[in-house]
Amino acid sequence: MKEKIVKPEKTYEKVVEYIREEIWRGNLKRGERLPPERDLAEQLGVSRNSVREALRTMSLMGFVSSVQGAGNFVSCDLEKNLSETFRMMMLLGETNYMQVSQLRRGLEGETARLAALRVTPKQLVKFEDVVAQMEQETDNNRAAKLDQQFHALLVETAGNKLIHALFGAMITTVNEFIATMYVRIFDSEHTGALLLAAHKSIVDALRTHDEEAALHAIWKHFEIVDSAISHM
């Protein structure tokens with residue numbers, strides 16, 4: 001039987017694990033200040049450099065935020081971590097616009113369904129206003145901005161914190177995606193009309209609180225987008 005090889009624990013990981021355990025036990029909560037670096041180093045028997053490395057790591061993960069002159073605080077910024085991951089994957093060629101569209105289709109399908117259940121009259125007016133502006137807009141770049149606004153409003157209306165965080169993490173990649181695809185789609189009068197009709201169908205579904213119709217309209221929306229991507 002092979003002997004299990006135990007990897008030696010890096011010193012900074014001891015600090016990360018300690019902070020994680022304190023959060024798990026409820027001794028540290030979001031927004032609370034962490035002990036000073038010196039105190040953490042003495043308590044855990046590690047160097048201050050190890051503490052700094054641990055805090056930098058947790059900051060990149062979105063679980064610690066640093067305020068100049070005030071110290072380090074427990075945070076929960078999932079968007080920060082995932083946002084960098086999405087961008088690096090795009091830059092390294094590990095993903096592409098089609099995969100982004102496929103992810104959005106699944107995510108926004110549930111988003112639209114929840115929005116249909118929860119939309120308020122005030123939010124509905126906003127949707128109608130954005131679509132009306134999209135219909136009148138002749139500049140494709142400005143129209144792309146309105147499209148981004150429409151989908152951000154859909155996420156806000158859904159009222160799900162995890163969906164909001166995931167969408168927020170994707171926002172830069174998604175907005176670049178929308179800007180690129182919207183201009184390409186609206187270069188064709190036919191596909192532009194189809195996409196506008198899909199947005200109108202989403203609003204109609206929200207107006208009647210019809211979950212299935214909202215889901216169907218989102219899928220129709222992404223069928224148009226995916227078709228445009230495949231022809232790029």
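The values are calculated or read from the model by the stated rules, or taken from the named source; none is laboratory data. Just so it is clear, the model here is predicted, and its values are computed rather than measured. A quick note on method: Cβ atoms are made from the backbone with ideal geometry, for glycine too, and the neighbour counts reach across all protein chains shown. These accessible areas exclude ligands, DNA and RNA; they are computed on the full protein's heavy atoms, side chains included. Shrake-Rupley method; radii C 1.70, N 1.55, O 1.52, S 1.80 Å.
A few notes on this one:
Residue-by-condition table, conditions (1) under 25 Å from Gly168 (Cβ atoms); (2) in contact with a strand residue (DSSP E or B) (Cβ under 6 Å, 6 or more places away or on another chain):
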site	(1), (2)
Val15	no, no
Arg25	no, no
Glu32	yes, yes
Arg48	no, no
Ser66	yes, yes
Gly69	no, no
Cys76	yes, no
Arg87	yes, no
Gln99	yes, no
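- Qualifying residues in the stretch 172-211 (those that are open to solvent by 50 Å² or more (accessible area, probe 1.4 Å), modelled with pLDDT under 85 and not acidic (Asp, Glu)) - the one nearest to the chain's Cα centre (by Cα): Thr172
- Residue pairs whose Cβ atoms lie under 9 Å apart, separated by 6 or more positions or on different chains, with the first residue in the stretch 169-191 and under 12 Å from Ile229 (Cβ atoms) and the second at pLDDT below 70, are Thr180/Met232; Met181/Met232; Arg184/Met232.
- Residue identified as touching a Lys or Arg at 6+ places or on another chain (Cβ under 8 Å) and polar (S, T, N, Q) among Ser75, Ser47, Ser59, Ser66: Ser75
- Residue match in the stretch 28-38 (condition: over 28 Å from the mean Cα position of the chain (by Cα), surrounded by fewer than 16 Cβ atoms within 10 Å (Cβ to Cβ), outside any loop (DSSP other than H, G, I, E, B) and free of Cβ contacts under 8 Å to residues at least 12 places away in the same chain): yes
- Inclusion of Ala214 among residues that are closer than 18 Å to Glu108 by Cα and surrounded by 17 or more Cβ atoms within 10 Å (Cβ to Cβ) is warranted.
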